[in-house]
Amino acid sequence: MADSSDDANHIEKLYEFGERLNESKDKSQNVKDYQGIIDAAKTSIKAKQLAAQLIPRFFKFFPDLSGPAIDTHLDLIEEEELGVRVQAIRGLPLFCKDTPEHIAKIVDILVQLLAAEEFVERDAVHKALMALLRQDVKASLTALFKHIGSVDEPSTDEFIREKVLTFIRDKVFPIKAELLKPREEMERHITDLIKKARSLICISSFMCNMHQDVTGAEFRMFMDFLKSLSIFGEKAPPERMKELIGIIEGQADLDAQFDVSDADHIDRLISCLYMALPFVVLPEERKLDLLKALAEVSPYTTPQDSRQILPSIVQLLKKYMPPRKTGEEMNFTYVECLLYTFHHLAHKVPNATNSLCGYKIVTGQPSDRLGEDFSEQYKDLTERLSNVEDLTRATMKKLTQGMAEHNKAMAAAKSDEAKGTVKTQKQNTTTGLRTCNNILAMTKPLHGKTPAFIGDKSINLSWKEATKPAVSSSTATVGGKRPATGAANGSGNAASKKGRGGGGLQNQLVNRALEGLSQGGRGGTRGRGRGWVGRGRGRGYR
């Protein structure tokens with residue numbers, strides 16, 4: 001009975017404190033009443049529930065008690081009684097109603113509560129965060145994104161980070177039109193937050209072995225959101241599209257040390273390249289970077305990714321493989337990249353090419369679509385392949401003649417500078433011949449109605465050095481023969497799954513700044529440029 005009587009007394013006192021504060025014209029004078037509410041929050045369950053409503057309601061009038069008030073309210077949030085916790089969570093946004101300087105702190109508290117197990121408690125957290133977002137979207141979003149992390153401020157709790165990402169995806173993104181006002185200013189603000197976030201910055205944490213990088217799914221989530229904003233819409237200026245490409249490029253982080261055994265890194269790179277494909281027509285100076293990276297990663301794609309990306313690859317092949325008698329330019333390096341990618345993706349999901357290319361590959365699945373007529377697609381593709389082969393053979397003839405001229409020029413060169421120039425020209429011509437050989441090796445199997453897709457390492461991409469096999473101590477004797485290194489199109493790619501320096505994938509991702517081939521092209525090195533380009537029948541390279 002005593003406990004019940006004490007409980008009633010606490011409740012009665014709390015109502016008295018609340019009534020006097022409500023009636024007072026200058027509430028700041030009622031310090032004892034507010035202190036009484038804080039003290040009562042440490043008594044009975046019912047008193048704690050009522051105090052959880054009153055503490056935030058009158059908080060703004062007593063700045064000198066802000067510390068004890070918040071601390072006491074936080075204690076209520078940690079109570080064992082669910083009803084007390086929920087009431088305390090609901091009251092958190094009120095702390096910021098007239099004191100916005102507390103928004104970041106309250107958002108931090110609510111973020112930690114996203115991990116609550118009880119549904120009613122999580123629901124209260126979500127509603128409290130939404131209330132803060134509607135009150136001050138800029139400050140609240142900034143506080144939320146800090147928990148995603150950046151290079152400067154990495155997230156320390158991956159579980160909480162995941163909860164924040166889920167909340168942003170499920171609660172914030174769907175009502176962006178309501179929240180992001182004024183529209184252009186707030187769309188720019190959230191874009192900047194996303195760009196700064198650890199998830200979309202160069203993966204330095206990977207190099208530090210912190211294992212806190214964004215997954216492919218998270219990256220696609222952010223990119224889909226950015227593309228839905230009006231500032232990146234159909235009427236957006238070209239520089240906005242370049243900004244999106246920059247974000248994609250930053251996440252791909254082609255300069256980072258790369259290990260093809262890291263499934264997460266593969267997933268990120270594939271996601272970046274997949275996102276970049278629709279924009280491949282935009283920044284000329286970066287097309288070849290994207291296409292080469294796409295070719296190099298294609299052997300490691302999953303069947304699911306391959307099926308998704310194949311339609312875009314086929315469209316790009318049609319774009320860069322001109323039909324007959326048009327006189328259009330052909331960028332040989334682009335075609336090499338795309339054919340290599342096509343073979344490796346199609347090898348994983350061969351029946352996906354039936355509707356895309358008019359092939360007849362039977363797997364017994366409904367996706368074979370063998371009952372439909374795709375003969376026009378087959379006719380168009382094979383005509384383009386034949387034209388590519390004619391252009392390639394003519395160009396090879398011209399390059400072979402050029403090699404003879406380079407040999408004569410080398411014999412006539414007097415100075416080291418002149419010899420260096422001729423040597424570079426010979427290297428470029430050699431790489432051009434590799435490109436042409438690769439194209440012919442990849443077009444030949446594609447003419448049949450049931451083609452053979454190359455899914456192994458028998459094609460060595462033209463810009464990749466053939467790897468010499470290791471020489472064992474037993475064979476490395478004086479006067480002994482050296483092992484063969486393998487032809488340009490041979491299997492000298494055994495180290496492609498190893499680390500940097502072994503001729504592997506990552507070795508090609510880092511040499512982006514090297515000087516390119518003719519007129520800025522990059523047939524043999526990884527730098528900026530356009531690759532080998534030829535125009536019309538038999539005209540060869542420019």
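Evaluate the following for F342: is it modelled with pLDDT of 85 or more and more than 21 Å from T450 (Cα to Cα)? In short, no. Checking each residue in region 323-339 for being in contact with a Pro (Cβ under 9 Å, 6 or more places away or on another chain) and either surrounded by 20 or more Cβ atoms within 10 Å (Cβ to Cβ) or part of a loop (DSSP other than H, G, I, E, B) (or both) picks out E328, M330.
Only residues that are modelled with pLDDT of 90 or more, of a type in the set (V, I, T) and over 16 Å from D136 (Cα atoms): list them for region 171-206, please.
The initial filter retains those residues of region 171-206 that are modelled with pLDDT of 90 or more, namely 171-193.
Now narrow it down to the ones that are of a type in the set (V, I, T): 172, 175, 190-191.
T191, the sole residue that qualifies.
The set of residues in region 433-470 being over 29 Å from Y359 (Cβ atoms) and either among the aliphatic types (A, V, I, L, M) or in contact with a strand residue (DSSP E or B) (Cβ under 6 Å, 6 or more places away or on another chain) (or both) consists of L433, A466, A470.
Given the criteria open to solvent by 10 Å² or more (accessible area, probe 1.4 Å) and either modelled with pLDDT of 95 or more or of a type outside the set (A, V, I, L, M, F, W, C) (or both), does R161 qualify? Break it down into steps so the answer makes sense when it comes.
On the way: open to solvent by 10 Å² or more (accessible area, probe 1.4 Å): no; either modelled with pLDDT of 95 or more or of a type outside the set (A, V, I, L, M, F, W, C) (or both): yes.
Taking the combined requirement at face value, the residue does not satisfy it.
The values are calculated or read from the model by the stated rules, or taken from the named source; none is laboratory data. Keep in mind that what you see is a predicted model, and the values were worked out from it rather than measured. Cβ sites come from the backbone with ideal geometry, for glycine too, and all protein chains shown count toward neighbours. Areas reflect the complete protein model, heavy atoms only, side chains present, ligands, DNA and RNA absent. Shrake-Rupley method; radii C 1.70, N 1.55, O 1.52, S 1.80 Å.
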